[in-house]
1. So, restricting to helices (runs of 4 or more DSSP H) that lie completely within the range 12-79, which ones have at least 3 residues that are in contact with a Lys or Arg (Cβ under 9 Å, 6 or more places away or on another chain) and under 30 Å from residue 309 (Cα atoms)?
2. State yes or no: is residue 323 surrounded by fewer than 24 Cβ atoms within 10 Å (Cβ to Cβ), within 18 Å of the chain's Cα centre (by Cα) and either without any contact (Cβ under 8 Å) to a residue 40 or more places away in the chain or closer than 21 Å to residue 364 by Cα (or both)?
3. When you scan the range 140-176, how many residues do you find that are of a type in the set (Lys, Arg) and within 16 Å of the ligand (Cβ to nearest atom)?
4. I need every pair where a residue in the range 351-370 that is free of Cβ contacts under 8 Å to residues at least 40 places away in the same chain has its Cβ under 8 Å from the Cβ of a residue that is polar (S, T, N, Q) and near the ligand (Cβ under 10 Å from one of its atoms), sequence separation at least 6 or different chains.
5. Is it true that some residue in the range 241-248 is within 22 Å of residue 343 (Cβ to Cβ) and polar (S, T, N, Q)?
6. Being in contact (Cβ under 8 Å) with a residue 40 or more places away in the chain, in contact with an Asp or Glu (Cβ under 6 Å, 6 or more places away or on another chain), more than 30 Å from residue 173 (Cα to Cα) and crowded, with 23+ Cβ neighbours inside 10 Å: is that true of residue 249 here?
7. Given the conditions (1) in contact (Cβ under 8 Å) with a residue 60 or more places away in the chain; (2) within 14 Å of the ligand (Cβ to nearest atom); (3) more than 23 Å from residue 190 (Cβ to Cβ); (4) crowded, with 16+ Cβ neighbours inside 10 Å, report the number of the one that residue 75 does not fulfil.
8. Out of all the residues in the range 92-139, which are more than 16 Å from the ligand (Cβ to nearest atom), surrounded by fewer than 15 Cβ atoms within 10 Å (Cβ to Cβ) and of a type outside the set (Val, Ile, Thr)?
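The values are calculated or read from the model by the stated rules, or taken from the named source; none is laboratory data. In this text the structure is predicted, and so the values were computed from the model without any measurement. With ideal geometry, Cβ positions are generated from the backbone for all residues, glycine too; neighbour counts draw on all protein chains shown.
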Amino acid sequence: MADQQELSMIVDSVRALCADFPGSYWRDLDHRRAYPAAFVAAMTSAGLLGVLIPEIYGGSGLGISVAATILEEVHASGCNAAALHAQIYTMGTVLRHGSQAQKEKWLPQIASGEIRLQAFGVTEPGAGSDTTNIRTTAVREGETYRVNGQKVWTSRAEYSDLLLLLARTTPRDKVAKKTDGMSVFLIDIRDEKNQGLTIKPIATMFNHATTEVFFDDLIIPADCLVGEEGKGFRYIIDGMNAERILIAAECIGDNRWFVEKASQYAKDRIVFNRPIGQNQGVQFPIARAYAQGQAARLMTYRAAELYDEGNPHGSEANMAKLLASEASWAAADMCVQTHGGFGFAEEYDVERKFRETRLYQVAPISTNLILAYLAEHVLGLPRSY
Ligand SMILES: Cc1cc2nc3c(=O)[nH]c(=O)nc-3n(C[C@H](O)[C@H](O)[C@H](O)COP(=O)(O)OP(=O)(O)OC[C@H]3O[C@@H](n4cnc5c(N)ncnc54)[C@H](O)[C@@H]3O)c2cc1C
């Protein structure tokens, strides 16, 4: 964990790095739907992406509060951290449940950025939010597994060296609990591309490099299995809380960016011979978005603190993601309204950030599923699905 002084040094260095990647950089990538290679390289060289990897494996082991601080600042600077957070947290499943050999082989290379682990294949077209209904199978054949099936929305598969995959190793109707019988695999897709693995990009409303992945008799070594066969669902759930905290931090960064951008514009834009921000109809929505962001921020860093202390944090991580994604979207909508017609002009970056931040109420988990979790597990209401 970092003390306050270390934390503010990290914030300053993230801000300074992000200043080299202004709106024009992101607009250009957005037009070309291109991967932010230079940005990822700069953040990697600064040692920021190994923040959750323990020092013995070459990371800084500073914890999730620091990771959240980094990602919040990236978004508050107008940048987008999707490719960063994937590299920061996806390895958590290997760290917590992988063999010593897997950790020694992969974690130092992930920490240094030599290897990209940025692709996480869980969602399937036929299963959606009902993860236990996945159909992708991995069948053991001696020292290998044969993988067949299809994933959707596997982001960055084209730019990642490794893929963390959830597949069924025992059919759903042959296990006592539907959450049993799924396993996690860490697959080196540099070798596998075009040999039983096909990646197809999906065109989306913003630049996210997301794909469909098809497995057609893909043969992988048995030592790709992470942890015990059949226990993969539990392993993936463990990692999801970390992801929710980090996504919440990105939303808070977006909220800050929109509030700052709108405040500035409301001070500068003169209509009817006075700044538009002098009108309560303009300033109140900005103030409300600010308050929403600050409240969500408290919940997010509370969840991060509990996570770092090793205390239960499931409900806080879920509430953080819920509140922060709503705070970022409310701020995005407010920011467009404050800018009037210029909210639609690309050069202001508002419309780009607006498109980007809409994602977080849908992915990595949709708001309804969080509400269902809180209703059932925190409030004791009957399970609704
Ligand atoms: C850009 C992008 C990137 C993504 N990246 C990844 C990735 O890298 N890896 C990965 O595995 N996945 C990824 N996803 C998938 C993402 O996690 C899912 O889209 C998300 O979990 C929602 O699942 P779904 O799209 O199948 O929606 P569905 O499950 O089909 O749900 C559709 C709607 O119905 C609602 N709904 C469904 N069931 C219920 C219920 N019982 N009660 C109330 N409401 C319900 C949902 O809340 C949602 O609003 C990504 C998605 C997007 C759009």
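1. Details: elements: 23-32, 37-45, 64-76.
Output list reads 64-76.
2. Values: surrounded by fewer than 24 Cβ atoms within 10 Å (Cβ to Cβ): yes; within 18 Å of the chain's Cα centre (by Cα): yes; either without any contact (Cβ under 8 Å) to a residue 40 or more places away in the chain or closer than 21 Å to residue 364 by Cα (or both): yes.
Yes: the conditions hold for residue 323.
3. Residues of the range 140-176 that are of a type in the set (Lys, Arg), as a first pass: 140, 146, 151, 156, 168, 172, 174.
Then drop every residue that is not within 16 Å of the ligand (Cβ to nearest atom), which leaves 151, 156, 168.
Residues meeting the conditions: 3.
4. Hits for this filter: 361/367.
5. The first filter runs over the range 241-248 and keeps only residues within 22 Å of residue 343 (Cβ to Cβ), leaving none.
No: the range 241-248 contains no residue that is within 22 Å of residue 343 (Cβ to Cβ) and polar (S, T, N, Q).
6. On the way: in contact (Cβ under 8 Å) with a residue 40 or more places away in the chain: yes; in contact with an Asp or Glu (Cβ under 6 Å, 6 or more places away or on another chain): yes; more than 30 Å from residue 173 (Cα to Cα): yes; crowded, with 23+ Cβ neighbours inside 10 Å: yes.
When the stated conditions are applied, residue 249 passes them.
7. Only one criterion in (1) in contact (Cβ under 8 Å) with a residue 60 or more places away in the chain; (2) within 14 Å of the ligand (Cβ to nearest atom); (3) more than 23 Å from residue 190 (Cβ to Cβ); (4) crowded, with 16+ Cβ neighbours inside 10 Å is unmet by residue 75, namely (2).
8. 96, 99, 100, 101, 104, 114 - these are the residues of the range 92-139 that are more than 16 Å from the ligand (Cβ to nearest atom), surrounded by fewer than 15 Cβ atoms within 10 Å (Cβ to Cβ) and of a type outside the set (Val, Ile, Thr).
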